[in-house]
1. How big is the range 11-80 along each principal axis, measuring the range of its Cα positions in Å and listing the largest first?
2. Rank these for me by crowding, I31, I67, I4, going from fewest to most other beta carbons within 10 Å.
3. Note down the relative contact order for the range 5-53 as a percent, whole number, built from C-alpha pairs under 8 angstrom at least six residues apart.
4. Counting only helical runs of four or more DSSP H residues, what would the 222 nm mean residue ellipticity of the chain come to if each run contributes -39,500 (n - 2.57) and the total is spread over all its residues?
5. Can you give the net charge of the other residues whose Cβ lies under 10 Å from the Cβ of L9, counting K and R as +1 and D and E as -1?
6. So what is the relative contact order for the chain, in percent, with contacts set as C-alpha pairs under 8 Å and at least six apart?
7. Can you tell me the dipole magnitude for the range 11-80 around its Cα centre, using point charges on the Cβ only (Lys, Arg +1; Asp, Glu -1), in Debye to the nearest 20?
8. Taking trypsin sites (Lys or Arg not before Pro) as exposed when DSSP calls them loop (any state but H, G, I, E, B) and at most 12 other Cβ atoms lie within 10 Å, what is the longest stretch of the chain free of them, the sites themselves excluded?
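What follows is calculated from the coordinates using simple rules that are stated; it is not laboratory data. Just so it is clear, the model here is predicted, and its values are computed rather than measured. Heads up, the Cβs are rebuilt from the backbone with ideal geometry, glycines too, and the neighbour counts pull from every protein chain shown.
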Amino acid sequence: MKNIYQVTLTADERLELTQLVSKGKCDAPKIKHANTLLAVDETANGRVSDQEVAKQFHCHVRTVANIREHFVEEGLEAVHKPKTNKLD
């Protein structure tokens, strides 16, 4: 699967995500999303495939792609806001 959304974190964003992960005082999905963003960051890691990251964090490839997409479209706030229920 080709990555349409390229994640390039600034130094401040990397620091914020690293602190969020190292504290471990928030919801597990937030930590998982933060870890995923740190792993797919092309500034620090070069190009990493979604398959590699999914295997590393024991999740589906589509989950990694969704996290990329949300970050690129919504910014770092996408990690912090809760997932909304799409059912009405």
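1. Dimensions of the range 11-80 along the principal axes of its Cα atoms: 27, 23, 20 Å.
2. Final ranking by Cβ density, sparse to dense: I4, I31, I67.
3. 40 percent
4. On the way: 6 runs with 56 residues, N = 88.
Rounded to the nearest 500, it is -18000 deg cm²/dmol.
5. Counting the neighbours of L9, the net charge comes to -4.
6. In percent, rounded to a whole number, it is 31.
7. Result for the range 11-80 is approximately 380 debye, rounded to the nearest 20.
8. In short, 48-82.
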